[in-house]
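K.L.:
A single structure is presented below for examination.
The values are calculated or read from the model by the stated rules, or taken from the named source; none is laboratory data. Keep in mind that what you see is a predicted model, and the values were worked out from it rather than measured. Please note: Cβ atoms are built from the backbone with ideal geometry, for glycine as well, and neighbour counts cover all protein chains shown. Just the protein is used for accessible areas: all its heavy atoms, side chains included, with ligands, DNA and RNA removed. Shrake-Rupley method; radii C 1.70, N 1.55, O 1.52, S 1.80 Å.
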Amino acid sequence: MTSRQNRTRDRAERGIPEATVARLPVYLRALHGLQDRGVATVSSEELAAAAGVNSAKLRKDLSHLGSYGTRGVGYEVEYLVYQISRELGLTQDWVVAIIGLGNLGRALAGYGGFASRGFRVAGLLDADDAIVGERISGMTVEHVDRLEDVIAERSVSIAVIATPAGAAQGVCDRVVAAGVTSVLNFAPVVLSVPDGVDVRKVDLSIELQILAFHEQRKAGGPELPDGDGPPGPAHYVEAVDA
């Protein structure tokens, strides 16, 4: 069993909720910001405000890690960074391969935040012969035919899929068959994976649609000009009466 699988099992045995796990990176980002400003200790209220959650939820989340802070002082920023980083598995490097080097894949390959958070991009792969061999962010793009070899030779732990939708499932099947059990999916499609494989989906268009919904609500709701939109209850009543 790998160290990551051990951590997942330990987390389940300690009963850390998935919702708490999802918030830990947000707390960590806020803590890094505090570190950059030279802040040594932080209260739960201050950290909660920086993370965008309420302080009661934050204290409960951190209690799952065995961190309760000090009354009247708060949390030691440096130690809390270590605790959360350890829980998330960020105290060791994770090797990442990016498959699909279109505009999004290129942007991901050039993102400097991966290395500083414990993620080392060790492979860039694409099916387009016009892209293969190109240098992107100091790495040479390899043909996707070498996918299994790259995973094995470089001990890839996480696959980032940034391919077109039609190619994503096939790529996912291959990385899973090669032993990768963590996939970050940017393709606009839901991937089917076996038990034991974790997939996180990032769909920017969905996030924009959610924001559009909230903007519409703030503006007073959708506008339906006369004759437009689906019939409301009154239309059906009139039809029945007729």
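K.L.:
So, in region 1-19, of the ones that are under 21 Å from residue 75 (Cβ atoms) and surrounded by 16 or more Cβ atoms within 10 Å (Cβ to Cβ), which residue ends up modelled with the highest pLDDT?
P.N.:
16
K.L.:
Mind checking which residues of region 90-114 are within 20 Å of residue 30 (Cβ to Cβ), open to solvent by 20 Å² or more (accessible area, probe 1.4 Å) and in a helix (DSSP H, G or I)?
P.N.:
Within region 90-114, 114 is the sole residue that qualifies.
K.L.:
Evaluate region 63-81: report whether one residue or more is within 30 Å of residue 188 (Cα to Cα), touching an Asp or Glu at 6+ places or on another chain (Cβ under 7 Å) and outside any strand (DSSP E or B).
P.N.:
No, region 63-81 has no match at all.
K.L.:
May I pose another question? Considering only region 20-30, I want to know if a residue exists there that is under 16 Å from the mean Cα position of the chain (by Cα), open to solvent by 70 Å² or more (accessible area, probe 1.4 Å) and not assigned by TED's automatic domain parsing to the domain that holds residue 165.
P.N.:
Yes, region 20-30 contains at least one residue that is under 16 Å from the mean Cα position of the chain (by Cα), open to solvent by 70 Å² or more (accessible area, probe 1.4 Å) and not assigned by TED's automatic domain parsing to the domain that holds residue 165.
K.L.:
Would you mind telling me which numbered condition in (1) in contact with a strand residue (DSSP E or B) (Cβ under 7 Å, 6 or more places away or on another chain); (2) surrounded by 15 or more Cβ atoms within 10 Å (Cβ to Cβ); (3) farther than 15 Å from residue 126 by Cβ residue 178 fails?
P.N.:
(1)
K.L.:
Would you pick out the residues in region 181-221 that are under 13 Å from the mean Cα position of the chain (by Cα) and surrounded by 11 or more Cβ atoms within 10 Å (Cβ to Cβ)?
P.N.:
Of everything in region 181-221, those that are under 13 Å from the mean Cα position of the chain (by Cα) and surrounded by 11 or more Cβ atoms within 10 Å (Cβ to Cβ) turn out to be 182, 183, 184, 185, 186, 198, 199, 200, 201, 202, 203.
K.L.:
On to the next question. Pairs please, first residue from region 15-26 and closer than 16 Å to residue 67 by Cβ, second anywhere and surrounded by 11 or more Cβ atoms within 10 Å (Cβ to Cβ), Cβ atoms under 6 Å, 6+ apart in sequence or on different chains.
P.N.:
16/64; 20/61; 20/64; 23/61; 24/84; 24/88; 26/51
K.L.:
Further question on the same structure: Within region 57-87, can you find the residues that are within 11 Å of residue 43 (Cβ to Cβ) and over 24 Å from the mean Cα position of the chain (by Cα)?
P.N.:
Those that are within 11 Å of residue 43 (Cβ to Cβ) and over 24 Å from the mean Cα position of the chain (by Cα): 69, 70, 71, 72, 73, 74, 75.
K.L.:
Moving on to the next point. Taking region 137-164 on its own, how many of its residues are touching a residue at least 24 places away in the same chain (Cβ under 8 Å), among the small types (Gly, Ala, Ser) and over 16 Å from residue 193 (Cβ atoms)?
P.N.:
Final tally of qualifying residues: 4.
K.L.:
For residues that are surrounded by 17 or more Cβ atoms within 10 Å (Cβ to Cβ) and assigned to a helix (DSSP H, G or I), tally how many sit in region 33-45.
P.N.:
2
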